[in-house]
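The values are calculated or read from the model by the stated rules, or taken from the named source; none is laboratory data. For clarity, every value in this text was computed on a predicted model and none was experimentally measured. Note: ideal-geometry Cβ built from the backbone for every residue, glycine included; neighbour counts use all protein chains shown.
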Amino acid sequence: MELSQKSTSKDTSNLKTLQKRKTIWAYIFLAPQIIVFFIFSAYPIVMSYVYSFYEWSGIGPLNDFIGLANYQQLLTSGRFWNSALVSIYYILGTTLLGVGGALILAIILNDQKLKSKGFYRAIYFLPVVTTTAIVGIIMGSIFGINGFFNQLLVDFNIIDKPIPWLTDPVLAVIILIVIGSWKGLGINMVYWLAGLQSIPNELYESAQLDGAGFWATLRHVTLPLLKPIAAVIILLSLVSGINAFDLVKTLTNGGPNFATETMDLFIYNYAFSSQLGGGQVRMGYASAAGVLLGLFTFAISMVFGAASFGKQIIKLKGNKKKKGGVKAL
Amino acid sequence: MITTKSARVMIHVFLLLFGIVWIYPFVWMVFSSLKTNKEFLTSGTKLIPEDFQWQNYSEAWITANFSGYFWNTVIFTVSTVIIVIVLSSLTGYALGRIDFPGKKTIMICVVAIMFIPKGYTIIPLFKLVNAMGLDNSILGIIVAESSGAHVLFILMFASFFANLPKSIEEAAEIDGAGVLTIFTKVMLPLSMPIVATTAIMQFIWTWSSFLVPLVLTISKPELRTLAVGMENFVQTYAVDFSGMAAGATISLLPVMIIFIIMQRYFIEGVAGAVKS
């Protein structure tokens, strides 16, 4: 295509030559990203589906085609369903705590007259930038049976004997959710602040003139106007909750007895850790679980996306058309 | 919104106290790294160590090989950041600034990528890196980490370049500059704010990356990054608590310092992401 353009460009005007040259350059600029994308993204995505139809230890050729047997086995596995349930608890828990808590903090920090806003914002944002795997290890020590947290509670006479935060199946899931929410709250806070700052000041002023107090303004002005961005923030939080691997792996490694094993840790255990998998590496089985996790993520995005910001997508399309029109001029 | 003075003071007290609790795990980490192991176990909730055990750091750095993990992480992170900036600025420029046939299709593909259900791509990626013979070098992890389409950064660059006035390249074109010259000499320097945001965000993500280096260094301990090395350290030396805290501090401090210095770019980038 590029060649034919070159040969015909001889007998066209200068402007057209320039346009053709630009087109060629556009493809040259795009080429690295496209090549990298096909090799390291598209190919792995396709193969992750292909592997799921095979029984495969990861070594040797892919020749044991078993159709949907991996899926069948997954859907009848108690351990798989448990991991799905833990993931759902984690996703909902971190969204509720992380997004809800962040909204309260953002409303406080959005106050125009509040001093040292930037300082507080940095403090509450700090956990976001830290390495999750390292945080998991530190928290594992803090919430350990003889860890700092138990010592603190004993010192203040809140409890008599240490609580097994990470070795009790229910408590471990709760601690996981609390730490996950703490880690992600800062990013949600910044999202909410962006939303709050897009509300024009005049609306607050006129609410004040109408004699509306803090709560009335919050209920009738702030919250309704935050609705569109709320949908985006909740969706982002739900989707990021699906990737709990770094934290779970380092905090509890799925224990006690798989009680905190999330879906992504389940997949990792079958694919790369024969000990915590079924005693052998099963990459096909793990891939099938990966496909189910992918479809699960897709379903959340679609259901939530379509329900809450279908309108925005239409708006966005309108904007893009406008932009294109300006450029054509 | 809140007017009374006492309410104001209350808010500051709350924000400050809660803020201390919020970052206390990191404060605890730093001071624990300066205790002896015995003191770590027996000092209870006391924060400040009797004597500052600075040698914990030299032990972690040399004996536990955190120096190796540290430099691996630096090479891994810096290379990934550079590759991502090159790929997304080039793609963003083509999509945002140049009109060419097929642009719309590519644009739709870029957005669609976000919504494709990806399976567990680390398995094929692991196989691919091994098949390419990159499994014995840090290049394998770099390639795996920086691959893929960085949709957010591409869109950031595209909208930045699209909104620059047309006169900029018209002037350069009259001077006879080609597309590549205009891009490298004029456009890229103009887009420094986007480059900075991309660099900082990608730096923090890659520094914290865990699954990719974990899987790709399974049989190559000498290629481990800080996060992976740390996980291995805890499994090997389960009772060296202050060593653990020292290693964790070495791992987290660089990224925290960069965040504190550059927080404006980072927070603006994140906020910009949700707005678009």
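Matching residues to (1) within 11 Å of another protein chain (Cβ to nearest Cβ); (2) more than 30 Å from residue A:211 (Cα to Cα):
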residue: B:12; (1), (2): yes, no
residue: B:22; (1), (2): yes, yes
residue: B:25; (1), (2): yes, yes
residue: B:39; (1), (2): no, yes
residue: B:44; (1), (2): yes, yes
residue: B:49; (1), (2): no, yes
Q: Restricting attention to helices (runs of 4 or more DSSP H) lying wholly within segment A:78-162, give those where 2 or more residues are closer than 28 Å to residue A:199 by Cα, free of Cβ contacts under 8 Å to residues at least 24 places away in the same chain and among the aromatic types (Phe, Trp, Tyr).
A: A:117-129
Q) Hey, does segment B:1-24 have a residue that's modelled with pLDDT of 85 or more, assigned to a helix (DSSP H, G or I), under 24 Å from residue B:237 (Cα atoms) and of a type in the set (Gly, Ala, Ser)? A) no
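Residue under question is residue B:135, and the condition is that it be among the acidic types (Asp, Glu) and farther than 30 Å from residue A:21 by Cα; does it hold?
The answer is yes for residue B:135.
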Q. Residue B:207 versus (1) facing chain A (nearest Cβ under 9 Å); (2) of a type in the set (A, V, I, L, M, F, W, C); (3) more than 19 Å from residue B:139 (Cβ to Cβ): which is the lone unmet condition?
A. (3)
Q.
Which residue is farthest from the chain's Cα centre (by Cα), if the candidates are limited to segment A:254-285 and must be within 10 Å of chain B (Cβ to nearest Cβ) and without any contact (Cβ under 8 Å) to a residue 40 or more places away in the chain?
A. A:273
Q) Which ranges mark the helices (runs of 4 or more DSSP H) fully within segment B:39-145 that have 1 or more residues being buried (at least 20 other Cβ atoms within 10 Å of the Cβ) and of a type outside the set (A, V, I, L, M)? A) B:55-58, B:66-97, B:122-131
